[in-house]
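Encoded as C-alpha cells, the structure appears first; notes follow it.
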Amino acid sequence: MAALSANLAIAAAKFTAFGFTGSSSMLAEGVHSVADSGNQVLLLIGGKRARRAADEEHPFGYGRERYVYGFLVAIVLFSVGGLFAVYEGWHKITHPEKLDAWGWAVGVLLFAIVMEGWSFRTAVQESVKAKGSRSWTQFIRTAKAPELPVVLLEDTGALIGLVLALFGVSLTVITGDGVWDGVGTLCIGVLLVLIAVVLALETKSLLLGESADRDSVARIRTALVDGETVTGVIHMRTLHLGPEELLVAAKIAVNAEDSAARVARAIDAAEERVRHAVPIARAIYLEPDVYSAEKAAAGEDPAATPGGPGPGADGH
C-alpha cells in the first residue's frame, strides 16, 4: 500500500513534468511508475485471491496464486516498463529534441526520489522482520512470499532510475544536446529489463514448487522422531503450497513389534510436534514402515516393505 500510494503520486508528477518539458526520461519514468502501480494492484489482488478456502477442484487451496500474480508483475515490468523505455530512449538518441522548462523535470525528480525513498524505507523495515540473519541477496532468492522481494526490487530500480533520469536531464541542460536525455532513458529501460528477468526467474521457481528452507526441514525431521515408536525418518519431501502453507510427506521408521494402535497414536503425536515446530506445516502425510539397515547399506530402499519410493533428499 505504501508503494502504491507513492507510485500514484509520482506518476502524476512525472507526466505533468513531461507535458511541460517533453523529456523522454520523464515519459519513461512516468510509464515506469504506472507499471509499478499496476504491479502493486496485482500483488494485492493475488493476496486476496490466495485467501480463498480450499474446494474440491483445488483441495490444497489457492495459496500459490500469489506466485502467479508475482510472475505477472515481472511480465508487466519487462514489457510496459522496460521495453517501452528502451524504445523511447533509442528514439530520442536517434532523433534528439530540445528540453523545455527543465526546472519542472528536476523538481519532479527530486520529489520522486523523496517519495520512492519513503516507499523503499517502508519495504526495508518490513523485510527486516522476515529476513533474519540472511543477506539481502539470500532473502530475495529464498523468500517464499513474493510481495516484499518484488517491492524491494521495484523500489531499488525506481531509485536508480530516478538518478539516471536526473543524470540525463542535467547533461541535456548543461550540453544543450538532447541525446543525453535519450541515453538516460535507455539506461532506465535496460535496468528495468534486468530487474524483470530476476523477478521472473525467482517467481518461476516458486511456481514450479520449492521445498522448505534447510532450517525448517531440520526442525521437521527432529520433531517427527520420538525415539520410542518413531525411531527415524526414512525419507521426506516438503513443498510450499503457498508462502504460509507447507506440505510435508514422509516415510517414518517404526518398530516392527508395535501394534497398529500404538503406531497411529505415534503418528498423531508426530504431526502435533511438527506443527508446533513449523506452524506453516498444514498438510502432513506420514507413512509408517519398518527400517532395514541391510537394505540401506546396500543402497536400496531402506523400508522393509516392497513397492515404496526409493531413497531421496530431505526436501532439497
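Taking into account only those residues within the range 247-293 that are out of contact with any strand residue (DSSP E or B) (no Cβ under 9 Å at 6 or more places or on another chain) and basic (Lys, Arg), which is surrounded by the most Cβ atoms within 10 Å (Cβ to Cβ)?
Step by step, filter the range 247-293, then rank; the result is 273.
Please count how many residues of the range 244-262 are out of contact with any helix residue (DSSP H, G or I) (no Cβ under 9 Å at 6 or more places or on another chain), under 18 Å from residue 233 (Cα atoms) and assigned to a strand (DSSP E or B).
Residues in the range 244-262 being out of contact with any helix residue (DSSP H, G or I) (no Cβ under 9 Å at 6 or more places or on another chain), under 18 Å from residue 233 (Cα atoms) and assigned to a strand (DSSP E or B): 4 in total.
Determine, yes or no, whether residue 212 is part of a helix (DSSP H, G or I), of a type in the set (Gly, Ala, Ser) and either in contact with a Leu (Cβ under 6 Å, 6 or more places away or on another chain) or over 22 Å from residue 171 (Cβ atoms) (or both).
When the stated conditions are applied, residue 212 does not pass them.
Does residue 115 satisfy the criteria of being touching a residue at least 60 places away in the same chain (Cβ under 8 Å), crowded, with 17+ Cβ neighbours inside 10 Å, in contact with a Phe, Trp or Tyr (Cβ under 6 Å, 6 or more places away or on another chain) and assigned by TED's automatic domain parsing to the domain that holds residue 161? Reasoning before the result, please.
Numbers: touching a residue at least 60 places away in the same chain (Cβ under 8 Å): yes; crowded, with 17+ Cβ neighbours inside 10 Å: yes; in contact with a Phe, Trp or Tyr (Cβ under 6 Å, 6 or more places away or on another chain): no; assigned by TED's automatic domain parsing to the domain that holds residue 161: yes.
Spelling it out, it is not the case that residue 115 is touching a residue at least 60 places away in the same chain (Cβ under 8 Å), crowded, with 17+ Cβ neighbours inside 10 Å, in contact with a Phe, Trp or Tyr (Cβ under 6 Å, 6 or more places away or on another chain) and assigned by TED's automatic domain parsing to the domain that holds residue 161.
Hey, does the range 94-103 have a residue that's among the β-branched types (Val, Ile, Thr) and surrounded by 18 or more Cβ atoms within 10 Å (Cβ to Cβ)? It would help to see each step written out before you state the result.
So in the range 94-103, the residues among the β-branched types (Val, Ile, Thr) come out as 94.
Narrowing the set further to residues that are surrounded by 18 or more Cβ atoms within 10 Å (Cβ to Cβ) leaves none.
No.
Hey, does the range 246-259 have a residue that's under 21 Å from the mean Cα position of the chain (by Cα), at pLDDT 90 or above and outside the structural domain of residue 50 (by TED's automatic domain parsing)?
yes
Out of 219, 237, which single residue is basic (Lys, Arg), in contact with a strand residue (DSSP E or B) (Cβ under 9 Å, 6 or more places away or on another chain) and not assigned by TED's automatic domain parsing to the domain that holds residue 142?
Criteria check complete, one pass: 237.
List, please: which pairs have Cβ atoms under 8 Å, are six or more places apart or on different chains, and start with a residue in the range 257-268 that is farther than 8 Å from residue 229 by Cα and end with one that is outside any loop (DSSP other than H, G, I, E, B)?
Between residues of the range 257-268 that are farther than 8 Å from residue 229 by Cα and residues that are outside any loop (DSSP other than H, G, I, E, B), the close pairs are 267/230; 267/252; 267/286; 267/288.
When the residues of the range 163-206 are filtered to those that are in a helix (DSSP H, G or I) and of a type in the set (D, E, K, R), which remaining residue is nearest to residue 83 (Cα to Cα)?
Checking each candidate, the answer is 181.
Select the helices (runs of 4 or more DSSP H) contained entirely in the range 1-77, then report the ones holding at least 3 residues which are at pLDDT 80 or above and loosely packed, with under 15 Cβ neighbours inside 10 Å.
Helices (runs of 4 or more DSSP H) meeting the threshold: 2-21, 24-50.
Quick check on my filter: what residues within the range 226-236 are in a loop (DSSP other than H, G, I, E, B), in contact (Cβ under 8 Å) with a residue 24 or more places away in the chain and surrounded by fewer than 18 Cβ atoms within 10 Å (Cβ to Cβ)?
Filtering the range 226-236 for residues in a loop (DSSP other than H, G, I, E, B) gives 226-229.
Now restrict to residues that are in contact (Cβ under 8 Å) with a residue 24 or more places away in the chain: 226, 228-229.
Matches in the range 226-236: 226, 228.
I'm checking my understanding of the structure. Among residues of the range 178-219 that are among the charged types (D, E, K, R) and within 19 Å of residue 70 (Cα to Cα), which one is surrounded by the most Cβ atoms within 10 Å (Cβ to Cβ)?
Looking only at the range 178-219, we keep the residues that are among the charged types (D, E, K, R), and these are 181, 202, 204, 210, 213-215, 219.
Remaining after also requiring within 19 Å of residue 70 (Cα to Cα): 202, 204, 210.
Values: 202: 23, 204: 13, 210: 17.
For the range 178-219, the residue satisfying everything is 202.
Kindly list the number of the only condition in (1) part of a loop (DSSP other than H, G, I, E, B); (2) within 16 Å of residue 25 (Cβ to Cβ) that fails for residue 160.
All conditions pass for residue 160, except number (1).
Can you name the number of the only condition in (1) more than 22 Å from residue 283 (Cα to Cα); (2) surrounded by fewer than 17 Cβ atoms within 10 Å (Cβ to Cβ) that residue 244 fails?
(1)
Identify, by number, the condition in (1) surrounded by fewer than 19 Cβ atoms within 10 Å (Cβ to Cβ); (2) assigned to a helix (DSSP H, G or I); (3) over 21 Å from the mean Cα position of the chain (by Cα); (4) assigned by TED's automatic domain parsing to the domain that holds residue 77 that residue 138 doesn't meet.
So the condition that residue 138 fails would be (3).
Within the range 78-100, can you find the residues that are modelled with pLDDT of 80 or more and in a loop (DSSP other than H, G, I, E, B)?
If the condition is that a residue be modelled with pLDDT of 80 or more and in a loop (DSSP other than H, G, I, E, B), then 95, 96 are the ones that fit.
The values are calculated or read from the model by the stated rules, or taken from the named source; none is laboratory data. Just so we're clear, the structure is a prediction, and the values are computed from it rather than from any experiment. Please note: Cβ atoms are built from the backbone with ideal geometry, for glycine as well, and neighbour counts cover all protein chains shown.
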